[in-house]
Each structure stands twice: as C-alpha cells, then as structure tokens.
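> Structure incoming, see below.
The values are calculated or read from the model by the stated rules, or taken from the named source; none is laboratory data. Just so you know, these numbers come straight off a predicted model, no measurement behind them. Reconstructed Cβ throughout: ideal geometry from the backbone, glycine too, with neighbour counts over all protein chains shown. Side chains included, ligands, DNA and RNA excluded: accessible areas come from the protein's heavy atoms. Shrake-Rupley method; radii C 1.70, N 1.55, O 1.52, S 1.80 Å.
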Amino acid sequence: MPSSDLFDNVNPVVLAVIAIAFAALTFSERLAQLEGKFRWIGASARWWSNRQIRKVRRDNLLERTRRRARDEAYASLDDRYRALNIRVDQLTEAMQKQRDDHDDELEAARLEHREDIRKTREEHNEEMASMRRELERKNEFIVRLFQWGHSARAKAALGGIDIDPMPENGSN
C-alpha cells in the first residue's frame with residue numbers, strides 16, 4: 001500500500017539533522033536579524049530573542065525590587081536599632097542617676113548615722129561627767145560629814161563627853 005505521507009521516504013537521520021538545524025537556527029541571533037522577504041524565517045528566533053530580553057528585564061526589575069525592599073527593610077531595622085540604642089542609652093543614664101542618687105543618699109545616711117553616734121557619745125559623756133560630778137559632790141559631802149562627825153567626837157572626847165559613832169549603812 002502506497003503511503004501518502006510526506007516523510008515516509010526520508011531517512012530518519014536526515015530528519016534528525018534537519019530538526020537540530022532548525023532548532024539551532026531558531027535560537028540564533030543572526031536569523032533573528034534577517035530583513036526583507038526572508039524575515040518570516042527568523043520569526044521564531046526573534047520571538048525567542050525577545051522572550052529572553054523580556055526575561056532579563058523582568059529578572060532585573062525583580063532584582064531591583066528585591067534590592068529596594070531589602071534596603072528599605074534594612075533602613076527600617078537601622079531606624080529601630082538606632083531608636084533602641086537611644087532608649088538603652090536613656091535607661092542606662094537613668095539607672096546611673098539612680099545609682100548616684102542612691103549612693104548620695106547612702107553617704108548622707110552614713111554621715112547622719114555617724115553624727116548621731118557622735119552626738120549620742122557626747123550626750124553620754126556629758127551625762128557620765130554630770131554623774132561623776134554628782135558622785136564626787138556626794139562623796140565629798142559624805143567625807144566632810146564623817147570628818148565633821150570625827151572632829152565632833154574628838155572635841156566631845158576632849159570635853160569628856162562620850163558620843164556613839166555614826167551607824168554604818170544607815171542602820172540604827
């Protein structure tokens with residue numbers, strides 16, 4: 001049965017070579033630049049070339065967009081980082097001021113405590129001095145009283161009067 005197919009009598013190797021040549025020419029720049037009446041032959045090459053150019057432009061646009069978004073994100077992060085650093089610095093200054101104030105208050109309390117101790121010691125020393133003076137005055141009174149009593153007994157004894165000695169410890 002005779003075949004009416006166009007490619008029945010063609011060697012498959014020849015068909016493969018033609019297909020490879022067509023594919024290679026389809027993607028060639030020279031074929032895309034054909035002018036004149038053979039312009040239709042380079043249509044697929046021009047389509048492929050324009051497709052590649054559009055893809056490169058789209059990729060470049062996408063890369064620029066990504067870069068811009070990344071730069072904006074970094075700028076935003078930098079702004080937040082700077083704001084956080086400013087806040088940390090403010091908090092550090094506030095903490096240092098509180099430490100300084102606390103140290104000042106602590107030093108003032110120490111000085112006040114030392115002054116209180118000094119005043120208490122002075123008051124104690126004055127009280128002790130007052131008590132010593134009172135004790136010395138009482139001792140002096142007691143010594144004079146005993147001296148007077150001794151002198152009175154001695155004078156009475158010279159006059160022939162017998163006087164009992166003073167009782168000890170206030171007992172009769």
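> Scan the range 1-28 for residues that are modelled with pLDDT of 70 or more, farther than 30 Å from R39 by Cβ and either in a helix (DSSP H, G or I) or aliphatic (A, V, I, L, M) (or both) and jot them down.
Result: P12, V13.
> Out of the residues in the range 45-75 that are of a type in the set (F, W, Y) and under 29 Å from E29 (Cβ atoms), state the one that is surrounded by the fewest Cβ atoms within 10 Å (Cβ to Cβ).
Step one: list which residues in the range 45-75 are of a type in the set (F, W, Y), which gives 47-48, 74.
Narrowing further to those that are under 29 Å from E29 (Cβ atoms): 47-48.
Numbers: W47: 12, W48: 17.
Once the filter is applied, the top-ranked residue is W47.
> From the set of residues in the range 29-42 that are in a helix (DSSP H, G or I) and open to solvent by 50 Å² or more (accessible area, probe 1.4 Å), which is farthest from A19 (Cα to Cα)? Step through it out loud before you land on a result.
Here is the first cut: in the range 29-42, the ones in a helix (DSSP H, G or I) are 29-32, 36-42.
From the residues that got through so far, the ones that are open to solvent by 50 Å² or more (accessible area, probe 1.4 Å) too are 29-30, 36-41.
Values: E29: 18, R30: 18, G36: 25, K37: 23, F38: 19, R39: 20, W40: 18, I41: 15 Å.
Top of the filtered list is G36.
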